[in-house]
Amino acid sequence: MITLRFDGLFRGIPSNHCGRKAGVMCYGWLISRNGVLLASGHGAVSRGKDATSNVAEYLALIEGLEALIDLGVSQQTVKICGDSRCIIDQMRGAAAVNAPSMIPLHDKAARLVQHFRKLRWNWMPRKHNKE
């Protein structure tokens with residue numbers, strides 16, 4: 001089975017003058033098949049507004065989904081694991097996306113998942129998402 005694991009991190013900086021969250025977001029993702037690493041990626045983004053841990057989680061998920069498409073595994077069952085219950089629930093359709101900064105990211109992720117035949121969404125506690 002193909003597995004995508006993703007994670008995001010946010011570190012805030014003192015509030016800017018417009019009163020919206022500013023900070024640095026880092027993220028990473030791993031793709032494996034039956035426990036063997038196939039691909040990985042990571043990145044960092046600094047934003048002057050609308051920076052949150054959920055935005056960082058979506059950035060990780062989106063890049064991981066794009067990598068899965070590049071690997072050509074869309075016809076296989078893919079297990080997607082993350083420690084953000086919010087993101088997992090939103091992608092399952094069990095929770096609404098209300099934050100204006102997250103709507104375009106969710107929409108992009110939703111477009112990407114349409115490339116796949118079968119996805120299994122799996123929330124995991126943070127302590128099990130160390131890799």
Check His115 against each of (1) at pLDDT 95 or above; (2) in contact with a Ser or Thr (Cβ under 9 Å, 6 or more places away or on another chain); (3) in a strand (DSSP E or B) and name the one condition it does not meet.
(3)
Condition set under 12 Å from Asn54 (Cβ atoms) and among the aliphatic types (A, V, I, L, M), scope the stretch 92-108, selection most open to solvent (accessible area, probe 1.4 Å): answer is Ile103
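For the structure I just gave you, tell me whether Lys79 is basic (Lys, Arg) and under 22 Å from Trp123 (Cα atoms).
Numbers: basic (Lys, Arg): yes; under 22 Å from Trp123 (Cα atoms): yes.
Here the answer is yes, as Lys79 does meet what is asked.
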Within the stretch 1-27, can you find the residues that are part of a strand (DSSP E or B) and either among the charged types (D, E, K, R) or modelled with pLDDT under 90 (or both)?
Arg5, Asp7, Arg11, Gly12, Ile13, Ala22, Gly23
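Out of Leu9, Leu68, Leu61, I need the residue that is surrounded by 20 or more Cβ atoms within 10 Å (Cβ to Cβ) and within 11 Å of the chain's Cα centre (by Cα). Which one?
Values: Leu9 fails: surrounded by 20 or more Cβ atoms within 10 Å (Cβ to Cβ); Leu68 fails: within 11 Å of the chain's Cα centre (by Cα).
After ruling out the rest, the residue left standing is Leu61.
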Qualifying residue in the stretch 33-54 (condition: in a helix (DSSP H, G or I) and not small (Gly, Ala, Ser)):
yes
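The values are calculated or read from the model by the stated rules, or taken from the named source; none is laboratory data. Remember, predicted model here, so these are calculated numbers, not experimental data. No Cβ is skipped: glycine too gets one built from the backbone with ideal geometry, and neighbour counts run over all protein chains shown. Please note that ligands, DNA and RNA were not included when accessible areas were found on the heavy atoms of the full protein model with its side chains. Shrake-Rupley method; radii C 1.70, N 1.55, O 1.52, S 1.80 Å.
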